[in-house]
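Encoded as structure tokens, the structure appears first; notes follow it.
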Amino acid sequence: MSADLCTEAEISELVHAFYARVRQDEVLGPIFDAHVDDWDHHLAKLVDFWSSILRRTGRFSGSPMTKHAALSDLSAELFHRWLALFRETAAEQPNRAMAAQACAMAERIAQSLWLGYQLNRSPDAMPTELVHG
């Protein structure tokens, strides 16, 4: 992963297209809308997040785990739905190398957030992994 993989414009397009799809989703949309007060700010932060991952810009600062752990009623099914929408959006991107890398990282991020969420909710229980579907 490096600056050669993609441009900032390509990352912005992926993030904006993906979250437009999330917001229109009948299941995920209401969840995100209930927790995101300022979409412009949130999208800018997400572009920074993905820029840090895909281009190693180091622009993102924040704690996604803390934010997600504070939510109630998350499930493996919601993470799978998020990943499915991400894969669909990535598949539409002309930069195939970026799309493949973004999907690989999205899988790792979803897995990490799901495991962290479970450990936060039930520290004594054995967490389950997301099963690739």
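The values are calculated or read from the model by the stated rules, or taken from the named source; none is laboratory data. Only a predicted model underlies this, so the values are computations on that prediction, with no experimental measurement involved. As a convention, Cβ positions derive from the backbone with ideal geometry for all residues, glycine included, and neighbour counts pool all protein chains shown. For the accessible areas, the whole protein counts, side chains as well, though only heavy atoms, and no ligand, DNA or RNA atoms are used. Shrake-Rupley method; radii C 1.70, N 1.55, O 1.52, S 1.80 Å.
Quick notes on this one:
- All of Ser12, Ser51 fail the test of being of a type in the set (S, T, N, Q), on the phi < 0 side of the Ramachandran plot and in contact (Cβ under 8 Å) with a residue 40 or more places away in the chain, apart from Ser51.
- Residues (touching a residue at least 60 places away in the same chain (Cβ under 8 Å), within 21 Å of Phe32 (Cα to Cα) and open to solvent by less than 60 Å² (accessible area, probe 1.4 Å)) located in segment 81-104: Trp82, Leu85, Phe86, Thr89, Ala90, Ala102
A quick yes/no check of all residues on (1) at pLDDT below 95; (2) not charged (D, E, K, R):
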site: Val15; (1), (2): no, yes
site: Phe18; (1), (2): no, yes
site: Arg21; (1), (2): no, no
site: Gly29; (1), (2): no, yes
site: Trp39; (1), (2): no, yes
site: Ala44; (1), (2): no, yes
site: Asp48; (1), (2): no, no
site: Leu54; (1), (2): no, yes
site: Ser63; (1), (2): yes, yes
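- Within segment 10-27, tally of residues that are assigned to a helix (DSSP H, G or I) and open to solvent by less than 70 Å² (accessible area, probe 1.4 Å): 11
- Comparison of Glu107, Glu13 shows that the only residue that is among the acidic types (Asp, Glu) and within 30 Å of Met126 (Cβ to Cβ) is Glu107.
- Exactly one residue among Ala44, Ala34 is of a type in the set (A, V, I, L, M), over 16 Å from Trp82 (Cβ atoms) and open to solvent by 40 Å² or more (accessible area, probe 1.4 Å), and that residue is Ala44.
- Any chance Met1 is closer than 18 Å to Gly116 by Cβ and at pLDDT below 95: no
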